[in-house]
Amino acid sequence: MRKPKARTAFLVSLLLTAGALSGINSSTASAAADPVAVTVNARAGLATVPDTALGVNHAIWDQNLGTAETSDLLRDAGVQMMRYPGGSYADIYHWKDHTAPGGYVAPNTDFDTFMAAVKRAGAQPMIIANYGTGTPAEAADWVRYANVTKGYGTRYWTVGNENYGNGHYGSAWEADDHPDKSASQYARLVVEYADAMKAVDPSIKVGAVLTMPGNWPDGITAGSDPGPWNRTVLSIAGPKIDFVDVHWYPGGTAADSLARTNHLPDATYLLRQQLAKYAGPNAGRIGISFTELNVDVGRTTQPAALFLADVYSGLLSSGVFTVQWWNVHNGIGTVSEVAGQTDYGDFGLLSSGACTEDGSVCEPPLNTPFAPYHGLTMMKLFAKAGDQFVRAGTSDSLVSAHAVRRPNGDLAVLLINKDPDAAHTVAIDYAGFTPSTAAPTVSTFTNGATGITTSQSGSATSRTLPAYSLTTLVLRPAGATAGRPSAPGQPTASGVTDRTATITWPAATPGGSPIAKYEVYRQNSAVSEQFGETAGTSFTVGNLVPGSRYTVNVLARDTAGRVSWSSPPLTFATGSPTTSACTVRFTTNNDWGNGYIGGVEIINNGTKPITGWTLTWTWPTGWQQMSSGWSANWEQVGTAVRVTPTDDNRQIAAGASVSAGFVGAYSGPNVLPTAFTVNGTVCTSG
């Protein structure tokens, strides 16, 4: 049974304009002889892999949900978390009598069967409580049955599925029997659900549904809500929840999906900004889960495998605690050919063995793994619980790289060739890690293959990646790693201004020798820039750029020269000056999901008039633009915007202001600018 959800039309309506990947053309073919530069920076630590990282969805219409064969296949792929009872069905499902009015429920898919499957696979469950047609009391009874009566220890519970799809924004696929379908009402009931469920078991974690930044209906305010869905839900329910739940279907062609993975760092950054701004005190405790992902094209073939590995790695490296594929079994869809392989249009990781309605095409036998299953298995080989992601980057958008450093000192590198037409040779440079001269362990999954091949071959610094492939290298370090200090603890930032910030961290534990100093590094893409060093556990960084985002790490070095692992990352943003000769107020209004009406007001804080002015700013991403403007002359080159006056507003008197407007557009997470200059002077942001 296909997922009962109309989604593609909404994603297409976003008018995504992110640059799409393409096959090799004449210009790239001529440069094919030059290897792609891959940089792996072990000094630039990112998030640590949790034991809930690799997840999948199970659905109550799948009669194979609880079979031993299915569970064993998921265990072999490294699945650590399973979500139940299945997408939008969660909002019509009643667990006590195992019914879903209006939908199909397969035999042998009840909650106890699901939990037996979870146990056999060695995973953890995540349960979706019925919001659309259920009640807080029904959810509390489920918690009681699961954790008191049965002792399952089910920890993660989400209230509803995609409840913004209940018609509140004009499109409806999610069941919702409440007369008030607003974001405010959803948030108020999340509070009731959380109170009722935690009264039964205070140890559980309760999650609320948010929208993906940059995807419909992000940014839209409907009805009497005080703001868009995320802001409204967090401002009301934030103090009561433990995590937020997001879905992402990037849409478009196979090349589009593979290109849009570059949205993820800004999406997770925006989510954390929203949590910090709206969720109340101690918002840093709130985790982020991405519990549905898939592609529109190539669902059972190589594009899905490449997308899965890239997205799981990108999200986990950003600190998301679980990433979950939609789904295990789903059913045959539109059959096509993608990159020379038959694609069955099936959302599932495993074949359902189904045929088209006319019987002309049938999937492979039941439980035959599709390509994304092998992509998930590659993630098991690449990133294990306790590994720390480190920064990796490449010189070619058709090749992606991710890396993790393991507790035993090994380094694993995942290389993704997104080019369907050509192999790419890569030259790998390492910072903060020296690989052994021994041949690395190499695992490869190629287009059309029925499994992953593993061998020990080649070198750590050069590799040819087959077209449309996944490759993982596991490298031993040169020399001994014992005796190094422990990593410093989680850094924090204080006293952040437009130009400075003070970084403080918990001390590292010495290893074989006393700690001599701490080194503070900025992650600048895949290259580290050392801010400075100190013998203490605090360092003030100067000469920062206003309105900029910084990610920093701290390393400990002992008197013998041994260097610790990187601390966890700290990301902070500088602001604008507290005083300036000018103030710029940047506003957004009437957001429709991929654009808005923007405004700028320039205020002259000086004692003399400004005659002739030039306002400039830089968009934080490459998918934001000013498409038209008024009351000024507007120009955008790349990400830089330049605004100049018309004849009637050239002069700004002392204490006065001028205003102008524009139409803003975005095709990804809309991270707004915070630094503006007028005639070269950095202004205060209003």
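Just so it is clear, none of the values below were taken in a lab; they were calculated from the coordinates. None of these values were measured; they are calculated from a predicted model. Quick reminder, even Gly has a Cβ in these numbers, built from the backbone with ideal geometry, and neighbours come from all protein chains shown.
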For the chain, give me the percentage of DSSP beta bridges that are antiparallel, rounded to the nearest 5 percent. 75
Treating only the Cβ of Lys, Arg, Asp and Glu as charged (+1, +1, -1, -1), what charge dipole size does the chain show about its Cα centre? Round to the nearest 20 debye. 2060
Cleavage-rule hits, trypsin sites (Lys or Arg not before Pro), segment 466-554, DSSP coil, Cβ neighbours within 10 Å at most 16: Arg499
Segment 492-573, relative contact order in percent, only Cα pairs under 8 angstrom and at least six apart counted: 32
Between segment 644-670 and segment 409-485, what is the C-alpha centre distance in whole Å? 50
Under the Karplus relation with 6.51, -1.76 and 1.60 and θ = phi - 60°, whole-Hz ³J(HN,Hα) for segment 305-322, x at Gly and Pro, equal 5, 5, 4, 4, 5, 5, 6, 4, 5, x, 6, 5, 5, 8, x, 5, 8, 7
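How much length would be gained if the chain were fully extended between Thr453 and Asn108, taking 0.36 nm per residue of separation minus their Cα-Cα distance, in nm to one decimal? Write out the running numbers ahead of the final one.
Details: separation 345, 0.36 × 345 = 124.20 nm, distance 3.51 nm.
Full-extension gain reported as 120.7 nm.
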Using r as the Cβ-Cβ distance of Glu601 and Asp429, and R0 as 56 Å, what FRET efficiency do you calculate, to the nearest 0.05? 0.75
Could you work out the relative contact order of the chain? I mean the mean sequence separation of Cα pairs under 8 Å and 6+ apart, divided by the number of residues, in percent. 14
Can you put Phe321, Phe445 in order, fewest other beta carbons within 10 Å first? Phe321, Phe445
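What FRET efficiency do you get for Ala654 and Thr464 if R0 is 56 Å and r is their Cβ-Cβ distance, rounded to the nearest 0.05? Write out the running numbers ahead of the final one.
Numbers: r = 66 Å, r/R0 = 1.17.
My answer for the efficiency is 0.30.
Take Ser659, Ser360, Ser576 and order them by how many other Cβ atoms sit within 10 Å, fewest up front.
Ser360, Ser659, Ser576
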Alpha-carbon centroids, segment 321-388 and segment 73-122: separation in whole Å: 18
Please arrange Val554, Val190 by how many other C-beta atoms lie within 10 Å of their C-beta, fewest to most. Val190, Val554
List the pairs from Lys240/Lys277; Lys150/Lys240; Lys119/Lys205; Lys384/Lys418; Lys198/Lys240 whose alpha-carbon separation is above 18 Å, in the order I gave them. Lys150/Lys240; Lys119/Lys205; Lys384/Lys418
Write down the percent of antiparallel bridges among all DSSP beta bridges whose residues are both part of segment 60-194, to the nearest 5. 20
Can you tell me which of 661-670, 629-638 comes out highest on packing, and rank the rest after it, using the mean Cβ neighbours within 10 Å? 661-670, 629-638
The long-range amide H neighbours of Phe531, using H built 1.01 Å from N in the peptide plane and a cut-off of under 5 Å, are Val520, Tyr521, Arg522
Suppose we keep just the DSSP beta bridges with both residues in segment 582-685; what percent of those would be antiparallel, to 5? 95
Please list, ordered by chain and number, the residues whose modelled amide H lies under 5 Å from the amide H of Thr540; skip anything fewer than 5 residues away on the same chain. Ile503
With no other cysteine's Cβ closer than 4.7 Å, which Cys residues of the chain count as lacking a disulfide-compatible partner? none
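With a cap of 15 neighbouring Cβ atoms within 10 Å, and only residues DSSP puts in a loop, list the GluC sites (Glu not before Pro) found in segment 277-386. Intermediate results must be reported in sequence, preceding the final value.
Details: sites: Glu292, Glu337, Glu357; in loops: Glu357.
Qualifying residues, ordered by number: Glu357.
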Apply 1/(1 + (r/R0)^6) to the Cβ-Cβ distance of Ala283 and Asp358, taking R0 = 45 Å, and write down the FRET efficiency to the nearest 0.05. 0.25
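Could you work out [θ]222 nm for the chain from helices alone, using -39500 (n - 2.57) per DSSP H run of at least four and dividing by all its residues? Round to the nearest 500 deg cm²/dmol. Walk me through the numbers on the way to the answer.
Working: 11 runs with 114 residues, N = 686.
Result for the chain: -5000 deg cm²/dmol, rounded to the nearest 500.
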From zero outward in steps of 20 Å, how is the percent of C-alpha pairs of the chain spread across the bins? 17, 49, 31, 3, 0
Taking amide H atoms as placed 1.01 Å from N in the peptide plane, list the residues 5 or more away in sequence, or in a different chain, whose amide H sits under 5 Å from that of Gln124. Met81, Met82
Rank-order 383-392, 611-620 by packing density, defined as the average count of other C-beta atoms within 10 Å over each peptide's residues, highest first. 383-392, 611-620
When the gyration tensor of segment 200-266 is built from Cα positions, what are the square roots of 5 times its three eigenvalues, in whole Å, from largest to smallest? 27, 18, 8
